[in-house]
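The values are calculated or read from the model by the stated rules, or taken from the named source; none is laboratory data. Every value quoted in this text rests on a predicted model; they were computed, and no experiment measured them. Every residue, glycine among them, receives a Cβ derived from its backbone with ideal geometry; neighbour counts consider all protein chains shown.
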Amino acid sequence: MEIAKLTPAFGAIVEGDGSDPLLEVPTEDVIRLFRNSGAVLLRGFHLSGDAFERFTERFGTDFLINGNTTRETVSEDGKTQTVNPGSGLIPPHAEMAYSPFRPDILWFHCVQPAERGGATVLCDGSSLWSRMKPATRAPFSNSRVRYIFRNLPEQWLAAFTGRPASARAMLSTIPDLDFEINEDGSLNLEYKVSAVVTAKYAGVPAFANSVLVEDKSAHFEDGTPIPRALRLELFSLACDAAHYVKWRAGDILMVDNSRLMHGREPFADASRQIHVRLCRKAGF
């Protein structure tokens with residue numbers, strides 16, 4: 001087993017010889033690398049059966065089901081899913097940063113890479129924030145982001161709350177969340193949260209949010225739109241700071257969702273298959 005840097009600024013790669021079982025990778029080594037670097041790519045390890053699920057469960061609890069109805073369920077409990085369908089570009093974002101159910105850790109498993117393109121994009125939100133000009137920072141320093149959704153499907157509510165019947169009582173306890181459950185079971189939701197969070201392990205400010213991917217839903221706190229020019233500037237900065245994980249079959253990627261944003265490079269063929277698990281509560 002060999003360990004190296006994923007990038008000069010963040011991330012680590014742990015590489016086996018192709019026959020090393022994933023479940024024999026020392027848990028404490030992965031935790032140490034993850035805490036220090038924000039992401040760990042495990043490559044060249046043998047997976048069998050439910051090894052992906054069993055490995056991820058060493059590092060936390062409360063795995064979420066993403067309420068996006070276009071994702072397919074992979075595991076029996078529904079907590080291993082496919083990533084968003086399609087083959088187009090997905091801008092850098094923190095997973096579910098538009099909601100109070102934001103996970104701590106993201107896990108990706110590459111079952112089959114695309115023949116060309118389809119890399120997962122990683123962007124260090126702490127580096128991005130420190131590199132921004134004061135004028136670019138100012139709107140997000142002075143205002144939170146308001147995510148506004150209308151008529152979210154009933155499955156979205158069930159996935160995040162677990163018990164739809166008690167959803168109203170549970171959602172009522174969440175600060176900065178306004179909601180309405182419609183007669184058909186769909187949900188109207190508004191959630192206010194800063195675009196800049198404190199990275200859980202690095203302890204530094206990180207621009208890690210869903211502003212770029214939620215182009216229609218994300219507004220400033222007073223409801224005014226985020227200007228297109230500002231979005232384009234943020235996208236350009238994120239691309240300049242990005243690292244592209246070019247997938248190999250069997251790769252597993254562990255991502256600190258409080259520090260790093262992720263996205264997708266476009267691809268042309270339909271062979272790409274990536275599975276994801278969302279850990280809401282890290283156990284270390």
Does residue 65 fit the bill of being closer than 15 Å to residue 255 by Cα and aliphatic (A, V, I, L, M)?
no
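Could you tell me how many of the residues in the range 1-24 are more than 22 Å from the chain's Cα centre (by Cα) and of a type outside the set (Asp, Glu)?
First, pick out the residues of the range 1-24 that are more than 22 Å from the chain's Cα centre (by Cα): 1-4, 15-24.
Those still in the list that are of a type outside the set (Asp, Glu) too: 1, 3-4, 16, 18-19, 21-23.
The number of residues fulfilling the criteria is 9.
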Over the range 19-77, the set of residues out of contact with any helix residue (DSSP H, G or I) (no Cβ under 8 Å at 6 or more places or on another chain), modelled with pLDDT under 95 and part of a strand (DSSP E or B) is 19, 20, 60, 61, 62, 73
Let me spell it out: the conditions are (1) at pLDDT 95 or above; (2) under 30 Å from residue 152 (Cβ atoms); (3) among the hydrophobic types (A, V, I, L, M, F, W, C), and residue 101 meets all of them except one. Which number is the exception?
(1)
Pull out all pairs, ordered by first then second residue, where Cβ-Cβ is under 6 Å, the residues are six or more apart or on different chains, the first lies in the range 21-43 and is among the β-branched types (Val, Ile, Thr), and the second is assigned to a loop (DSSP other than H, G, I, E, B) and surrounded by fewer than 18 Cβ atoms within 10 Å (Cβ to Cβ).
27/58; 31/284
Tally time: how many residues in the range 160-213 are modelled with pLDDT of 95 or more, in a loop (DSSP other than H, G, I, E, B), of a type in the set (D, E, K, R) and farther than 23 Å from residue 79 by Cβ?
1
